[in-house]
Structure formats: C-alpha cells, structure tokens
C-alpha cells in the first residue's frame with residue numbers, strides 16, 4: 001500500500017485527497033471567493049485521515065501542486081506539505097498544476113489548453129496532448145483575438161482563466177469546457193503514485209513553488 005496525501009491550493013480551490021496505489025480514496029475540497037486555505041487545509045487533512053481510519057504514520061509520501069497559481073495559495077500548500085514531510089520523514093512529490101486541469105477532460109484529437117487566471121487579460125497556460133504530455137512550456141500570456149492564430153489544431157480550453165475569453169477567441173477551433181474550473185487533488189492521485197514508484201522526489205528543505213512571475217509589492 002502506497003498511501004499518499006495530495007494537496008492542491010494553487011487557485012481558489014482548497015483541495016485535499018488521500019490515495020492508495022494511485023486511486024483516490026477520498027477528496028475534500030471547497031472553492032471560495034476569499035481564499036479559505038489557511039482555515040480549511042489542515043482541517044481537510046485531518047478529516048481525510050481520521051474518517052478513513054488512518055493516521056499520519058500510515059502516509060508514505062505527501063504530494064503538492066507546485067504551481068503556477070496564487071502566491072498565497074501556493075505558499076500555504078507547499079509549507080504545509082514540507083512541514084508534514086519533515087516531521088514524518090517521508091518524501092515530497094511536486095505535481096504540475098496545469099496538468100491537473102488538463103487531466104479533467106478526455107480528447108481524441110487536438111490540444112488541451114488549461115488556463116489559470118493571472119488577472120486582467122493574462123493567464124498561466126501550457127499545451128498538453130491527448131495523453132496529458134506537456135508539448136509547450138508553461139507561460140504567462142496576455143490573450144487577445146490574435147492569440148494562437150498559428151495553431152491549426154483544435155484547442156480545448158479549461159480552467160478559471162478561460163471564461164473571460166469566450167467573446168475574444170471565437171474561431172471554431174476553440175472549444176470551451178466551462179465545467180472544468182479549478183485544479184483538484186483528485187487528479188493528483190495517479191500522478192503522485194507514478195512519481196512515487198519512480199522515486200521522483202523533491203528536496204524538502206529547498207523546494208519552492210513555481211510562481212512563474214516575480215512577486216511585486218506596490219506602494
């Protein structure tokens with residue numbers, strides 16, 4: 001049994017799942033406008049363990065969504081994951097946040113284009129093929145009516161960053177999936193188990209979230 005705790009806090013969704021050998025046992029999550037991660041995260045962690053008759057000592061690893069996303073959300077998730085790994089002396093696994101969004105749909109052809117809202121007309125995004133392999137690096141992009149004009153394939157758009165572009169990206173090649181809004185720890189289960197099997201761990205002491213953009217303080 002490879003019992004893994006999965007933590008996703010990169011967006012407004014505070015999400016925690018418990019998985020066994022890549023299959024989700026339970027997932028608790030809530031998406032609130034004012035970011036309740038600091039209040040809900042540790043409560044969810046305790047609940048998924050206690051309600052399923054497990055203790056912290058049963059965990060084999062902790063996986064965390066590494067970003068990009070909200071600075072505050074990422075810091076809360078990563079610091080909690082690192083604290084647990086340090087205290088329990090178990091490995092830490094980092095999962096690409098945009099891939100979690102991509103895995104919420106299945107396609108036969110084209111490209112999956114997950115978008116996380118980065119405010120105004122900017123999004124964090126990347127390209128994934130039908131097998132969820134990343135085929136273009138993560139970028140922070142400002143979207144307009146000419147975006148992706150060089151792409152001939154069908155583009156499947158998912159995530160909270162897509163809603164503001166429905167009136168901008170009007171070509172028939174753009175397919176919107178409005179039901180997929182936030183990344184979830186539910187999609188982390190298989191990915192974290194695969195990395196656990198390959199021992200693809202990150203350094204607990206030195207790992208930092210993938211913010212993508214520098215944090216700016218404005219007076």
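The values are calculated or read from the model by the stated rules, or taken from the named source; none is laboratory data. Computed from a predicted model, the values in this text were never measured in an experiment. Neighbour counts are summed over all protein chains in view; Cβ atoms, including those assigned to glycine, are modelled from backbone coordinates with ideal geometry.
Pairs linking a residue in region 172-192 that is over 16 Å from residue 32 (Cα atoms) to a residue that is part of a helix (DSSP H, G or I), with Cβ atoms under 6 Å and 6 or more positions apart or on different chains, are 187/100.
Residue 124: closer than 17 Å to residue 103 by Cβ and touching a strand residue (DSSP E or B) at 6+ places or on another chain (Cβ under 8 Å), yes or no?
yes
Looking at region 95-102, is at least one residue modelled with pLDDT of 95 or more, surrounded by 13 or more Cβ atoms within 10 Å (Cβ to Cβ), touching a strand residue (DSSP E or B) at 6+ places or on another chain (Cβ under 6 Å) and part of a loop (DSSP other than H, G, I, E, B)? For region 95-102, residues modelled with pLDDT of 95 or more, surrounded by 13 or more Cβ atoms within 10 Å (Cβ to Cβ), touching a strand residue (DSSP E or B) at 6+ places or on another chain (Cβ under 6 Å) and part of a loop (DSSP other than H, G, I, E, B): absent.
So, residue 126, is that one surrounded by 20 or more Cβ atoms within 10 Å (Cβ to Cβ), touching a residue at least 12 places away in the same chain (Cβ under 8 Å) and under 21 Å from residue 70 (Cβ atoms) or not? Taking the combined requirement at face value, the residue satisfies it. The single residue among 35, 44, 54 that is in contact (Cβ under 8 Å) with a residue 40 or more places away in the chain and either under 25 Å from residue 140 (Cβ atoms) or surrounded by 14 or more Cβ atoms within 10 Å (Cβ to Cβ) (or both) turns out to be 54.
For region 165-185, does any single residue satisfy the condition of being over 24 Å from residue 15 (Cα atoms), in a helix (DSSP H, G or I), touching a strand residue (DSSP E or B) at 6+ places or on another chain (Cβ under 8 Å) and not assigned by TED's automatic domain parsing to the domain that holds residue 21? Yes, some residue in region 165-185 is over 24 Å from residue 15 (Cα atoms), in a helix (DSSP H, G or I), touching a strand residue (DSSP E or B) at 6+ places or on another chain (Cβ under 8 Å) and not assigned by TED's automatic domain parsing to the domain that holds residue 21.
Counting the residues of region 76-93 that are touching a strand residue (DSSP E or B) at 6+ places or on another chain (Cβ under 6 Å) and either in a loop (DSSP other than H, G, I, E, B) or not assigned by TED's automatic domain parsing to the domain that holds residue 42 (or both) gives 2. Kindly check whether there is at least one residue in region 204-212 that is in contact (Cβ under 8 Å) with a residue 40 or more places away in the chain, in a strand (DSSP E or B) and in contact with a strand residue (DSSP E or B) (Cβ under 7 Å, 6 or more places away or on another chain). Looking for residues that are in contact (Cβ under 8 Å) with a residue 40 or more places away in the chain, in a strand (DSSP E or B) and in contact with a strand residue (DSSP E or B) (Cβ under 7 Å, 6 or more places away or on another chain), one finds none in region 204-212, hence no. If the condition is being farther than 11 Å from residue 182 by Cα and assigned to a strand (DSSP E or B), then region 8-37 contributes 16, 17, 18, 19, 20, 23, 24, 25, 26, 27, 28.
If you go through region 135-160 and keep only what is part of a loop (DSSP other than H, G, I, E, B), at negative phi and in contact (Cβ under 8 Å) with a residue 12 or more places away in the chain, you end up with 143, 144, 145, 147, 151, 152, 153, 154, 160.
For the residues 111, 105, 45, the requirement of being in contact with a helix residue (DSSP H, G or I) (Cβ under 9 Å, 6 or more places away or on another chain) and at pLDDT 95 or above singles out 45.
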